[in-house]
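First the structure, in the form of structure tokens, and then the observations on it.
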Amino acid sequence: MNPFGAHIRSLIMFLTKEELELKYSKAKNAFEKCINYEENEYLSDEIGFSVKDIIVKYDSVKIEYSYSSGICLTSIKVLLLSEKNERIGTFTLVEDDNEDIIDDILVFTSS
């Protein structure tokens with residue numbers, strides 16, 4: 001018997017290169033929207049240079065299924081780099097299985 005219940009046939013998911021690019025693009029756009037919010041103007045002071053100069057680099061896409069809730073979440077993570085190519089943080093966009101954004105997480109690493 002399937003340990004995940006009879007209603008689940010497979011937990012294997014495949015993403016094409018194009019689908020990955022779209023997910024990363026969505027995360028990058030969400031990051032740019034986040035740093036452009038008026039209430040986030042302080043972020044440049046926090047990192048010591050303009051947030052507009054941050055370089056966004058693709059990192060990972062993780063798909064998680066919760067057996068207890070039956071919810072599938074996709075986390076798209078991008079690295080945030082300084083102009084000197086130093087890692088200064090991450091931005092993660094979280095989507096539900098309808099590709100609706102349910103959360104975003106901006107974390108700057110301490111220097």
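If you go through the stretch 3-32 and keep only what is surrounded by fewer than 10 Cβ atoms within 10 Å (Cβ to Cβ) and either modelled with pLDDT of 90 or more or among the polar types (S, T, N, Q) (or both), you end up with SER10, THR16, LYS17, GLU18.
Taken as a whole, the structure leaves GLU95 outside the set of residues that are more than 21 Å from ASN40 (Cα to Cα), loosely packed, with under 12 Cβ neighbours inside 10 Å and of a type outside the set (S, T, N, Q).
Listed by position, the strands (runs of 3 or more DSSP E) contained in the stretch 33-111 that have at least 1 residues being in contact with a Cys (Cβ under 6 Å, 6 or more places away or on another chain), modelled with pLDDT of 95 or more and β-branched (Val, Ile, Thr) form an empty set.
Identify all residues within the stretch 100-110 that are touching a residue at least 60 places away in the same chain (Cβ under 8 Å) and exposed (fewer than 15 other Cβ atoms within 10 Å of the Cβ); write none if there are none. Hit for the stretch 100-110 is ILE101, nothing else. If you check SER82, SER60, SER44 for being touching a strand residue (DSSP E or B) at 6+ places or on another chain (Cβ under 7 Å), free of Cβ contacts under 8 Å to residues at least 24 places away in the same chain and surrounded by 11 or more Cβ atoms within 10 Å (Cβ to Cβ), only one passes: SER60.
Per the listing ASP100, ASP96, ASP53, the residue uniquely under 21 Å from THR16 (Cβ atoms) and out of contact with any strand residue (DSSP E or B) (no Cβ under 7 Å at 6 or more places or on another chain) is ASP100.
The values are calculated or read from the model by the stated rules, or taken from the named source; none is laboratory data. Model, not experiment: these values are computed from the prediction. Positions of Cβ are backbone-derived with ideal geometry, glycine not excepted, and every protein chain shown enters the neighbour counts.
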